[in-house]
Amino acid sequence: MPFTMRISPFSFNMVNRRRSRRKLVLARLALYLGLLVLSLSLLVSNQASAAPIVRVLEVQGDIVPVVADYLDKAITRAEEDGVSLVVIRLTTPGGLLDTTQRIVQRILNARVPIVVYVAPAGGWAGSAGTFITLAAHVAAMAPGSRIGAATPVSMGTELPEEMKKKVTEDSAAFIRSIAQLRGKDPDQAENAVTEARSYSDSEALQRKLIDIRARDMDDLMNQLDGWKVKVAGDQEVVLNTRGYVIEPHEMNAIESLMHVISNPNIAYLLLSLASIGLIVEISNPGLIFPGVFGGICLLLAFYSLGVLNASWGGVALIMMAFGLFIADLFVTSHGIVTAGGVVSLTLGSLMLFSGGEAYGLEVNRGLIAGVVTFVTAFFVFVLGAVVRGQRRRPAVGREEMVGQKALALTRLQPKGTVLFQGERWDAELDSGSVETGEEVIVTRVDGLKLLVKRK
């Protein structure tokens, strides 16, 4: 009798129930694990978002319009992003007066706390930098840095006494008002303008021109924690810098380039190089590189000159100088025209930036002397030799002509005409005859006639 196994409906249902329970337990376990992972990620995200964001802006070099634009955009972006604090790391020898006023006005009206930190060690908030530092909600300096010497000057030449007094008085009132608004000592601040006083970091702290001396960013953040400031609208803000996160906000490539060339010394060099390149191209057509290089330098120079409010009278004198140098290559003036070019170049260089006032921004006189000397020597000795060499007709000695090849332009029997070094010569064959187009050898020069022989 065959063996058979029967499974009752009850047993089958029990198996299905057990399987369902297992699936349910596994599903609940997966759900709990998913919720745990989500909770942990939200916790980490909340902790990260709770960390105060400190946006750091870098300003190193002259205070020119591109710096004002950079700071304006960066501060506006910080206000929109709701960052906790903006730190401007500053080191500058000075800058343009109107640009300085723009930057100060933007800082005074900022809706986000701004700290100006004169750093690194050895940094300098000179001239325009003094105004910017005092305008901050908190002014800080690194050990070894300095601040002051904020007397306005005219780039290139001295201001008339009456105008100088007027500009100095206005700058003194400007820095007094900033100091009073930020709780600094207005008298010490005014001395930086009227007496060109400069202060070390410890002296600035002692005389209440700054609020903090900090070794580095960590030290600065530790001291700022809990500091109370008032932003635009008289709104009081308590700084929280515990566990801060730094977000650098540097100039982009175009802004960096514009900042580099927005310098009186760079503008002067660009104008000089542009003139040399273009004149070399005009004197030697087809070289291409000097013309392209000179054109690029000229465009960059015009941008820089416009930004710095250059005197176009100075530009005209410099252009006239280069014109005189070129003219002296083609006329006999016994050095008079060249001397006029040197005088014109020197005067134009000194006048180039005499049109606007600035805080500590000027052209280096040593650079002017070096450029004038180099340009004069270049045109007199280098370019002059090239042009004179091109104008001089090549001279070939009689001895050098003997043994050279000539081409028969007519049939030589024995007399005829040959082509020698690009010129037509009368020729006489020593013997026999030579057909047109054949080559012959020069054996002797007899006046304006060549004696030749068959090749």
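Each reported figure results from applying straightforward, stated rules to the coordinates on display, with no laboratory input. Being a predicted model, the structure only gives us computed values, none of them experimental. Every residue, glycine among them, receives a Cβ derived from its backbone with ideal geometry; neighbour counts consider all protein chains shown.
So here's what we get for this one:
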item: Extension gain, Ile246 back to Gln421 (0.36 nm per residue minus Cα-Cα distance, nm); result: 55.4 nm
item: Cross-link pairs beyond the 22 Å C-alpha cut-off, checked among Lys164/Lys208; Lys166/Lys208; Lys164/Lys184; Lys415/Lys455; Lys165/Lys208; result: Lys164/Lys208; Lys166/Lys208; Lys164/Lys184; Lys165/Lys208
item: Proximal charge balance of Tyr244 [Cβ under 14 Å; K/R count +1, D/E count -1]; result: -3
item: Spin-label pair Ala327/Asp219, simplified geometry with 7 Å Cα→Cβ offset, distance in nm; result: 6.2 nm
item: Added length on full extension, which subtracts the Cα-Cα distance from 0.36 nm per residue, Glu400 to Ser431; result: 8.8 nm
item: Net lengthening on full extension, Phe381/Ile53 (0.36 nm per residue, minus Cα-Cα); result: 112.0 nm
item: Theoretical FRET efficiency, 1/(1+(r/R0)^6), r = Cβ-Cβ of Glu203 and Ala339, R0 51 Å, to 0.05; result: 0.50
item: Highest to lowest packing among 403-412, 251-260, scored as the average C-beta count within 10 Å; result: 403-412, 251-260
item: Label-point separation in nm, Leu407 to Asp185, each point 7 Å along Cα→Cβ; result: 9.1 nm
item: Two-site label geometry, Ala196 and Leu451: point separation in nm, points 7 Å out along Cα→Cβ; result: 8.3 nm
item: Sites Glu255 and Arg111, calculated FRET efficiency, Cβ-Cβ separation with R0 25 Å, nearest 0.05; result: 0.60
item: For segment 176-215: rounded, prolate or oblate by the Cα gyration tensor [a/c cutoff 1.5]; result: oblate
item: FRET efficiency estimate (nearest 0.05) - Cβ-Cβ, Leu33 to Glu236, R0 35 angstrom; result: 0.15
item: Inter-part distance where segment 262-317 and segment 172-204 are each reduced to a Cα centre, Å; result: 40 Å
